[in-house]
Amino acid sequence: MTSQDYDCIVIGAGVHGSFTAYNLAKKSKKTIILEQFLLPHSRGSSHGQTRIIRKAYDQDYYTHMMHECYELWEQLEKEANVKLHRRTGLLVMAPEHGKDYSALKCSMQRNNVPMVILPREQFSQHIPHVNLSQGNAALVDTTAGVLYADRTLKTVQEQFQKLGGVIKDGQKVIDITPGSVVTVTTSGGVYRAKSLVITAGPWANTLLSHTGLQIPLKVLKINVCYWREKVPGSYNIQHRFPCFIQLGSEEAKHDIYGLPSNEYPGLMKICYHSGSETEPDERDRQTDREDIDILQRYITRCFPGLVPVPAIVESCMYTVTPDLNFVLDQHPIHRNIIIGAGFSGHGFKFGPIVGKLLSELSQEEVPSYDLTPFRIGRFQAHSKSAL
């Protein structure tokens, strides 16, 4: 067993942990990332080739964060000389008189997010091979696009290591002992640091149990589905087909989202923005396919150019809070333990800004943004502290 001292320990080598460690290393802090699985892996929430990046949100605080986030993505691209995102636009479809569409549109106008509203009679000439549902309106967030997820993780981890950072995988955490110096015991060693950042995705509450805290987090298994084009190229990124989000549909109560065919040639990624509750270590035992039935009905009706049977189904997990907002905060008792959790299936795009904020919290700096929406205190009735 090795024993080592650091300025900061980060548990979890997903997108948020990796960006946090990278930001700490840029501040010349001696930092280590501990990851329970061998890297790269597909057990958590940060794997896969693509995610959506967008400014279209109905909460102002997310849009404000994304303004800077785009700049940080571009900075990393320049620094590493690698392309991490591609602009495609994001098509938003929703019931025209529903509160979701109205709130999103007003927020985009208020925050000067460039958009194009598509009149129903012109919809098909702008967006071929898609049937706009009766009573739905549509707009496009022209800033949006595709993020290359696996490439991002590899890039930010390499940049972290170039700055002197250390990554140790295959290090399952067995114990956390709080104190002015935090001690983390893993299957492979003992590590001490002045501060600890926990970015462990679906395993957040397992780790927090060592510190006497539980947050109301629910872990969902998501079926990531790819659907074959009947005519190759119909929904292709090269043909400038956009990402999309369907807010509310006659098939489902949760959103449906999709990305143009890209990672698997001839296959479009379309998923249901929810899933069945699971234990993170038992993910693959969860075989519920109700979401796939919903998607098949939706695709048959709205995407006639796709074969309505998934060609590939992969697995991912969301860690969801009751209000679908993130948790970015200090431990209520042990202030040198920082928590980034509950990214609720929409956190990947925020990786650079979340990393910046968590690194600020770990160094007791004033955070760059108001973290009120992300504080643990909002769950007062739910959060359990044994201390």
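Consider region 273-311 and keep the residues that are modelled with pLDDT of 95 or more and part of a strand (DSSP E or B). The one that is nearest to residue 242 (Cα to Cα) is 306. Being more than 21 Å from residue 86 (Cβ to Cβ), touching a His at 6+ places or on another chain (Cβ under 9 Å), among the aromatic types (Phe, Trp, Tyr) and buried (at least 19 other Cβ atoms within 10 Å of the Cβ) is a condition met by no residue of region 234-256. Cβ-Cβ distances below 9 Å connect the following pairs, each with a first residue in region 292-314 that is farther than 18 Å from residue 94 by Cα, a second residue that is in a loop (DSSP other than H, G, I, E, B) and of a type in the set (Val, Ile, Thr), and a separation of six or more residues or different chains: 304/130; 305/130; 305/231.
What about residue 174, is it free of Cβ contacts under 8 Å to residues at least 40 places away in the same chain, farther than 24 Å from residue 238 by Cα and outside the structural domain of residue 304 (by TED's automatic domain parsing)? For residue 174, the condition - free of Cβ contacts under 8 Å to residues at least 40 places away in the same chain, farther than 24 Å from residue 238 by Cα and outside the structural domain of residue 304 (by TED's automatic domain parsing) - is met. Going residue by residue through region 114-123, is there one that turns out to be at pLDDT 95 or above and in contact with a Gly (Cβ under 9 Å, 6 or more places away or on another chain)? Looking through region 114-123, at least one residue is at pLDDT 95 or above and in contact with a Gly (Cβ under 9 Å, 6 or more places away or on another chain). Can you name the residue in region 143-171 that is in contact with a strand residue (DSSP E or B) (Cβ under 6 Å, 6 or more places away or on another chain) and part of a loop (DSSP other than H, G, I, E, B) and, of all such residues, is farthest from residue 213 (Cα to Cα)? Ranking the qualifying residues of region 143-171, first place goes to 144. What residue, among those in region 63-72 that are of a type outside the set (S, T, N, Q) and in contact (Cβ under 8 Å) with a residue 12 or more places away in the chain, is farthest from residue 246 (Cα to Cα)? Out of the qualifying residues, it is 72. Residue count for region 189-211 satisfying the condition of being surrounded by fewer than 20 Cβ atoms within 10 Å (Cβ to Cβ) and either assigned to a strand (DSSP E or B) or not assigned by TED's automatic domain parsing to the domain that holds residue 14 (or both): 4. When 373, 332 are checked against the criterion of being in contact (Cβ under 8 Å) with a residue 24 or more places away in the chain and farther than 30 Å from residue 165 by Cα, 373 stands alone in meeting it.
Note on region 62-107: among residues that are part of a helix (DSSP H, G or I) and among the small types (Gly, Ala, Ser), the one that is nearest to residue 356 (Cα to Cα) is 80.
The values are calculated or read from the model by the stated rules, or taken from the named source; none is laboratory data. None of the values given here were measured: they were computed from a predicted structure. Glycine also receives a Cβ, built like all others from the backbone with ideal geometry; neighbour counts cover every protein chain displayed.
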